[in-house]
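As structure tokens, the structure follows; a few thoughts come after it.
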């Protein structure tokens, strides 16, 4: 009976196999480092037990607006903003045409002029490239290095926040972990068009400070990869998804659409 044929492996082939296995092990290790410290299951273990209670002063609201719409949206802002207890900023493309006098300006969030985003690509046909500027408000808010911020909350200039309700909702989660909190749209068509797992900017959404700091570091490079998307919330959702973070659904964030016939 003839002996079994011997299969010989060349040194080059063995080396390639070794590199391939090493690459797999390294990727698994990096994946573990990314996921392990970042998430908490949505159970009672997510509740804060070792920190002081989350209050209004731990939230920084960032409002996306423009020099044209901001004067018309001031009544909305006045409904929920309180200079004595609410930390908020209004991000505009340029100074408003009619600045408020010093006595009345305290009733509205301070205005921040957004950085120039003309170098970023935007290829969605018929869309508004201001979506890039609005998305970058996440980075610009974080880069201000405001003290003692546990949550960064984002919304449009016609978003009405019930601040105490937002505080109670976010107090259930540990801001030291990575959380992207919000809700999808009440419109099925909007969810199909964009995503059931995207937090809609019109309803507002929140990002924990630990996630926001990481997101701010990678946001610019991420925005360049998503030039084909329409809105700012789609861009934020895509960049957060790249970090491996899913949406934590809080139904209190409502994206309400009004239809006129």
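A short reminder: the numbers here are calculations on the coordinates, not readings from a lab. Being a predicted model, the structure only gives us computed values, none of them experimental. Positions of Cβ are generated from backbone atoms using ideal geometry, with glycine treated the same way; all protein chains shown enter the neighbour counts.
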Exercise for review: Any chance you could run the full-extension gain for residue 67 through residue 241? It's 0.36 nm times the residue separation minus the Cα-Cα distance, nm to one decimal.
Suggested key: 59.5 nm
Check your understanding: So how long is each side of segment 169-261 along the principal axes, counting just the alpha-carbon atoms, biggest first, in Å?
Key -> 44, 34, 16
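Taking 41 Å as R0, compute the FRET efficiency from the Cβ-Cβ separation of residue 113 and residue 188 and round it to 0.05.
On the way: r = 38 Å, r/R0 = 0.92.
That gives a FRET efficiency of 0.60.
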Check your understanding: At what distance in nm do the modelled label points of residue 144 and residue 84 sit from each other, each positioned 7 Å from its Cα along Cα→Cβ?
Key -> 2.1 nm
Review point. Using just the C-alpha positions of segment 49-189 as equal point scatterers, what log10 of I(q)/I(0) does the Debye formula give at each q in 0.12, 0.14, 0.16, 0.22 1/Å?
Key: -0.54, -0.74, -0.94, -1.49
Exercise for review: With a point put 7 Å past each Cα toward its Cβ, work out how far residue 227 is from residue 76 in nm, to one decimal.
Suggested key: 3.0 nm
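Once you have the Cα-Cα distance between residue 55 and residue 177, take 0.36 nm times their residue separation minus that, and quote the gain in nm to one decimal. Provide the component values of the computation, followed by the final result.
Working: separation 122, 0.36 × 122 = 43.92 nm, distance 1.77 nm.
Difference between extended and current length: 42.2 nm.
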